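Here is the structure we will look at, set down as structure tokens.
What follows is calculated from the coordinates using simple rules that are stated; it is not laboratory data. Not measured: the values here are computed from a predicted model. Don't worry about glycine lacking a Cβ; one is built from the backbone with ideal geometry, like all the others, and counts go over all protein chains shown.
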Amino acid sequence: QVQLVESGGGLVQAGGSLRLSCAASGRLSSSYGMGWFRQAPGKEREFVAAISKSGGITVYADSVKGRFTISGDNAKTTVYLQMNSLKPEDTAVYYCAARYGARYRDYLAYDYWGQGTQVTVSL
């Protein structure tokens with residue numbers, strides 16, 4: 001059974017930084033790539049960033065490009081989301097997910113999900 005556990009969320013002032021971590025355990029195949037999504041109250045879940053299974057390809061939503069960086073360790077057991085220059089509109093629950101294939105932005109392509117971690121950015 002695959003488990004994804006996020007950590008690193010919290011409260012930060014606008015302009016600050018946070019680093020989210022996602023630890024994968026269980027029988028997660030090395031063929032799986034990883035992604036981050038977020039969901040704000042009253043809004044749909046939206047794509048944030050994704051990384052390919054090899055780590056050689058990263059994809060970002062336009063809203064976070066240049067501010068967020070996704071990375072992973074070689075064993076793909078942990079994936080990170082470094083978030084800089086945070087804005088109040090980044091406030092949401094952030095979810096880590098694992099997918100097989102290259103549909104990076106499509107949440108339906110992701111087979112496994114973490115429970116989420118809250119990120120709150122204040123003015």
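Miscellaneous remarks
- Anchor Lys65: aspartates and glutamates whose Cα lies under 19 Å away (excluding residues fewer than 8 positions away in-chain): Glu46, Glu89, Asp90, Asp106
- Over all other residues within a Cβ to Cβ distance under 12 Å of Gly16, the charged ones net out to +2, with Lys and Arg as +1 and Asp and Glu as -1.
- Computed log10 I(q)/I(0) for region 1-56 at 0.14, 0.23, 0.31 Å⁻¹: -0.52, -1.14, -1.28, from the Debye equation with unit scatterers placed on every C-alpha and solvent omitted.
- Farthest toward positive dipole pole in the chain [+1 Lys/Arg, -1 Asp/Glu at C-beta], among Tyr112, Asn84, Ser29: Ser29
- Student exercise, the chain dipole from Lys, Arg, Asp, Glu Cβ charges, in Debye to nearest 20: 180
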